[in-house]
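> Handing you a structure now.
All of the numbers you see were taken from the coordinates with simple rules; none came from a lab. The structure displayed is predicted, hence computed values, not measured ones. Glycine also receives a Cβ, built like all others from the backbone with ideal geometry; neighbour counts cover every protein chain displayed.
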Amino acid sequence: MSHDSTEPTRTTEASADKKGNETLPAASSGNFIRDIIDEDLRTGKYAGRVATRFPPEPNGYLHIGHAKAVCLNFGIARDYPGGTCNLRFDDTNPTKEEVEYVDSIMEDIRWLGFDWEDRLYYASDYFEQMYRYAIDLIQKGKAYVCELSPDQIREHRGTLTQPGKPSPYRDRPIEENLDLFRRMRAGEFEEGSMVLRAKIDMAAANLNLRDPIMYRIVKASHHRTGDAWCIYPMYDWAHGLEDSIERITHSLCTLEFEDHRPLYDWFLVELGVYRPQQIEFARLALTYTVMSKRKLLQLVQQGLVNGWDDPRMPTLAGLRRRGYTPEAIRDFCDRIGLAKANSVVDVELLEHCLRDDLNRRAPRAMAVLNPLRVIITNYPEGQVEWLTAENNPEDAGMGSRQIPFSRVLYIEQEDFREDPPKKFFRLFPGGEIRLKHAYYITCQNVVKDPDSGRIVELHCTYDPQSRGGWTSDGRKVKGTSHWVSAAHALKAKVRLYDRLFVVPNPGEERDFLQDINPRSLEVLNDCLVEPGLAHVEPSSYYQFLRQGYFCADPVDSRPGAPVFNRTVSLKDTWAKIERAQR
RNA sequence: UGGGGCGUAGCCAAGUGGUAAGGCACCGGGUUUUGGUCCCGGCAUCCGUGGGUUCGAGUCCUACCGCCCCAGCCA
């Protein structure tokens, strides 16, 4: 991550235009949080400091919603002079957290393109300090040990419209609280037998202020502190402290923490310590997917997907394996904006960002997913021509490659129709199309299996004058198909992924599992790809001409036996026309 | 019926009293050896609703309506 101190306060990211001719300042309009930071800088509120943090709990994998927060926090640190962004694991609940998750979170943030440099922190590093703060509050008469059962605590809390009742332990002498709390730490009491509570206001309209729990007894070993502790701080007690200890200036979090803010402030004011400014924003929701960790965990645990990195998952690990690029995800996070209104972003915007990035960068290749055999009857047997194919029409710098052409080829089954519908300008009996980078061919005969009536192969003739896919007579050939040479093609497995859910808002009408798309994965085992794809790098991406963007699966692909995941299809105008014709 | 938020196009989202940016989606048209890309054009007389202030209101006041969050020893 760069911290260019000459950068202006506001984002003025340069971006190349589509043709890469020149760089123009991006129309980055900032957002209400950057407005607040600008104002704080102007008034000198934090002496010119801008310090943010990304504070995940290591209890699951990061998803695209987290990417929004990562880009926000690290993006601010990147754009403001001297700005910093800490990575801090909020590991206050040992029963749900695992090192597998901390490792994956770090990997995902790095992959997204951000760097916390030497600022890696853990809430658990502050346990001793938090404990001392708690002692301090007890000594000030602002916290007490409560022996009510969980049920009783709930009853005493009251309801949304009725005030709570004070705990009978609320006015315990300070010395007794101190003694009990020390013994809680020493492990003298059972789980659930007592908690430390802040003494605030049982009648507060904001339920968070009705003597919230600060510590509970949990006799579980922690992934970092082991068995050093048997009392663990609650999030509400810990979180503001963590931000305070790290001297964060702007604590950015999601909307649901808005009415926790008065509590964080109460703790910090009572303690008399540094107080960051919390600003809330709306979390990201996307159509056709789910984002809650609980639901994602359920999909994984019930085997409805193949792990956290299943290419259908909205996790960063899943998107990465699917073939998404960090650039596309960052662009998406820039484009969705930032506000306080709850919203659901169309997944099409994400897909647009992906296509936009991949269109510029993905090398083109030809792959026939559902092969249909074609014999070029007037092409000499045994002859092979190596034809030149550009690697990317968007970028001449990516060069070209040679592809073999011969008498027996395969084209896409979809590219031939015996009875062509209106506007179908692909191959049909008597029709002529161009084979990309090769020749014009005309369909002369359709060979069918006598029993099933299934089309077995096509007999076509080619025009030797059309080498390269062009003739000088000005003849119009509208359709262009991709193809492979039968003798040279390489067999490949291709996995076609579709949306995991069939409705825009899974779970809205019924249990979200009922909304799962039963056809979210289609595996094609007998695809034929051009020979150059024999030794693709794991995770490398390609545009399979006229079909979509695909990447070599990092886990299952083998030299000579590639496995490709469809990242996203190309936009398909023909499919739209066909749909409209019905 | 308590508290905290939020309502600008199908979906996001600018807009901070001077006459509704931009993107996605969608619909036309052009270019094209990818029905891709690219290019051009269209797409809110109106900003949840009613009233008020003002020469002038999406922006201010007011009343109402709708949606989201909060009663874990989760975060």
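> Using helices alone, I'd like the mean residue ellipticity at 222 nm for chain A: each DSSP H run of four-plus residues gives -39500 (n - 2.57), total over residue count, nearest 500.
Helix contribution divided over all residues of chain A: -7500 deg cm²/dmol.
> Looking at chain A only, what percent of DSSP beta bridges run antiparallel? Nearest 5 please. Please list the in-between numbers first.
Working: 59 of 84 bridges.
So the antiparallel bridges amount to about 70 percent of the total.
> A further question follows. Measuring from label point to label point, each 7 Å out along Cα→Cβ, what is the A:K165 to A:K340 span in nm?
Using points 7 Å along Cα→Cβ, the separation is 3.7 nm.
> Here's another thing I want to ask about it. Whole Å is fine, so just give me how far the alpha carbon centre of the stretch A:280-337 lies from that of the stretch A:431-508.
Computed from Cα coordinates, the inter-centre distance equals 34 Å.
> Moving on. Mind running the shape call on the stretch A:169-272? Use the C-alpha gyration tensor, a ≥ b ≥ c as the square roots of the eigenvalues: rounded below 1.5 for a/c, prolate if a/b tops b/c, oblate otherwise. Present the calculation step by step, with values, prior to reporting the outcome.
Working: a/c = 1.93, a/b = 1.27, b/c = 1.53.
Cα axes put the stretch A:169-272 in the oblate bin.
> Next up: Can you tell me the length gained on complete extension of the stretch A:R275 to A:Q298, counting 0.36 nm per residue apart and subtracting the Cα distance? Please report the intermediate quantities before stating the final value.
Details: separation 23, 0.36 × 23 = 8.28 nm, distance 3.77 nm.
Result for the pair: 4.5 nm of gain on full extension.
> State, to one decimal in nm, how far the label point of A:S452 lies from the label point of A:L513, with both points 7 Å from Cα in the Cβ direction.
In this crude spin-label approximation the distance works out to 3.7 nm.
> At A:E188 and A:R558, where each label point lies 7 Å from the Cα along Cα→Cβ, what is the point-to-point distance in nanometres?
The modelled label-to-label distance comes out at 6.4 nm.
> Rounded to the nearest 10 degrees, what's the angle between the helix A:326-335 long axis and the longest principal axis of chain A, both from Cα atoms, 0 to 90?
Taking Cα atoms only, the helix is inclined about 70 degrees.
> Order A:570-577, A:124-131 from most to least packed using the mean count of other Cβ atoms within 10 Å. All intermediate terms of the calculation are to be shown ahead of the outcome.
Working: A:570-577: 11.8, A:124-131: 18.0.
Result, highest mean Cβ count within 10 Å first: A:124-131, A:570-577.
> Determine the dipole magnitude for chain A: charges of +1 sit on the beta-carbon of Lys and Arg, -1 on that of Asp and Glu, nothing else is charged, the reference point is the Cα centre, and the result goes in debye to the nearest 20. Can you show the working numbers first?
On the way: 77 positive and 87 negative charges, 272 e Å.
Using Cβ point charges on Lys, Arg, Asp and Glu, chain A gives about 1300 debye.
> What are the trypsin sites (Lys or Arg not before Pro) within the stretch A:44-125 that DSSP puts in a loop, where the Cβ has at most 12 other Cβ atoms within 10 Å?
Listed in order of number, the matching sites amount to none.
> Right, here's the next one. What FRET efficiency do you get for A:F425 and A:E98 if R0 is 41 Å and r is their Cβ-Cβ distance, rounded to the nearest 0.05?
0.15
> Starting from the Cα-Cα distance between A:E147 and A:E418, subtract it from 0.36 nm times their residue separation and give me the gain in nm to one decimal.
89.5 nm
> A follow-up question, please. For A:D136 and A:A282, calculate 0.36 nm times their separation in residues minus their Cα-Cα distance, and state this gained length in nm to one decimal.
Extra length available between A:D136 and A:A282 comes to 49.1 nm.
> So, one more: Mind listing the long-range amide H neighbours of A:N445? Cut-off is under 5 Å, sequence gap 5 or more, other chains count too, H placed in the peptide plane at 1.01 Å from N.
A:H459
> If one takes the longest principal axis of the Cα atoms in chain A, at what angle in degrees, from 0 to 90 and to the nearest 10, does the Cα axis of helix A:235-245 lie?
Long axis of A:235-245 versus the principal axis of chain A: about 90 degrees.
> Taking a spot 7 Å from the Cα of A:D265 along the direction of its beta carbon, which residues of the stretch A:140-159 have an amide N less than 19 Å from it?
Output list for this probe position: empty.
> Go through chain A and flag any cysteine with no other cysteine's C-beta closer than 4.7 Å, please.
A:C85, A:C146, A:C230, A:C253, A:C353, A:C443, A:C460, A:C527, A:C551
> Which of the listed residues, A:I336, A:A186, A:Y439, is farthest toward the dipole's positive end in chain A, when Lys, Arg count +1 and Asp, Glu count -1 at the beta-carbon?
Positive-most Cα among the choices belongs to A:Y439.
> Continuing with the same structure: Label chain A by shape, choosing from rounded, prolate and oblate, from the square roots a ≥ b ≥ c of the eigenvalues of the Cα gyration tensor; if a/c is under 1.5 it is rounded, and otherwise prolate applies when a/b is larger than b/c, oblate when it is not.
Numbers: a/c = 3.04, a/b = 2.36, b/c = 1.29.
It is prolate, given that a/c is not under 1.5 and a/b is the larger ratio.
> A further question follows. Give me the lysines in straight-line cross-link reach of A:K476: C-alpha distance below 30 Å, same-chain residues under 8 apart excluded.
Correct list for A:K476: A:K18, A:K19, A:K422, A:K423, A:K436, A:K448, A:K571, A:K576.
> To the nearest 0.05, what FRET efficiency results for A:I213 and A:N306 with a Förster distance of 56 Å applied to their C-beta separation? Provide the component values of the computation, followed by the final result.
Numbers: r = 39 Å, r/R0 = 0.69.
Using R0 = 56 Å, I get an efficiency of 0.90.
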